[in-house]
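Everything below concerns the one structure shown next.
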C-alpha cells in the first residue's frame, strides 16, 4: 500500500508532537513544521500522495497567506485547515480559495485522520459536481426565508448568539433553525454546508 504523507503546519509544538505521535501508522507518515515559512522552504521538494493540514492563525504568516502562496506555486496537494471557532470566517475564505475542508479546534486525532483519509482518496476539489450543485440549489430554494437567513449567517461563520442578535431572535431559536437547515441540506457538519453554499454562490 502506498505511503501517505501528511504535512502538519502549526506554531503549537505540543499539538504537532501529539498529532504526529497519534497519527503515524504503517501507511501514514507525519511531517511537521512549526511555521508557514519553514513549510514554504520545503514546498519544491514535496511530491507524492498526501495532504497539508494548516493552522489558520500563525504568527509569521497566517494560513490564508500561505495558501495564497501555494496556489501561486501551483501546489497540487489538498489543503485542510485547523481553526478555532472565532476563526471560522477565515476558514470559509480558505475554502473559497480552494481548501478542501476545515476542522475546528480542539482537534481529535481520529477526526483528523478520517478527514485526511477522505480528502486524499477523493478528487482534489472542495465543490460538488454540477449535478450535485443543482440538487443543492433546489434544496436551498425549498428552505423558508428564515432558514435561508440562518444558513447565510452560519456559512459566514456566525455563532448562534451572533446570528440571534442579527435576526433579533433567541439563540435557542437559532439553534433549532440551524439543526433544521443542516438536516434539510443533508450536511453532516459545518464544512460540508459551507462547501455546498460555495457551490451555488451563496
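None of the figures in this text is laboratory data; all of them are computed from the coordinates on show. If you're wondering where the values come from, they're calculated on a predicted model, not measured in any experiment. A quick note on method: Cβ atoms are made from the backbone with ideal geometry, for glycine too, and the neighbour counts reach across all protein chains shown.
One-quarter of the Cα convex hull surface for region 20-168, in nm²? Spell out each step's value before the answer.
Details: hull surface 42.6 nm².
Mean projected area for region 20-168: 10.6 nm², to one decimal.
Over 13 Å apart: what share of the alpha carbon pairs of region 130-199 falls there, rounded to a whole percent? Numbers along the way, then the final one.
On the way: 1454 of 2415 pairs.
Percentage above 13 Å: 60.
Angle check, please: helix 145-155 long axis (alpha carbons) against the longest principal axis of the chain (alpha carbons), in degrees 0 to 90, nearest 10.
20
Compare the peptides 163-176, 93-106 by average per-residue count of other Cβ atoms within 10 angstrom and give them in order, highest first.
Working: 163-176: 15.3, 93-106: 19.5.
Per-residue Cβ counts within 10 Å, averaged per peptide and sorted highest first, yield 93-106, 163-176.
Return one number: the angle in degrees, 0 to 90 and rounded to the nearest 10, between the long axis of the Cα atoms of helix 63-72 and the longest principal axis of the Cα atoms of the chain.
For helix 63-72, the angle is close to 70 degrees.
Tell me what the chain gives for mean residue ellipticity at 222 nm when only DSSP H runs of n ≥ 4 count, each as -39,500 (n - 2.57), the sum divided by the residue total, rounded to 500 deg cm²/dmol. Don't skip to the answer; put the middle values down first.
Working: 10 runs with 104 residues, N = 202.
After summing the helix terms and dividing by the residues of the chain, the value is -15500 deg cm²/dmol.
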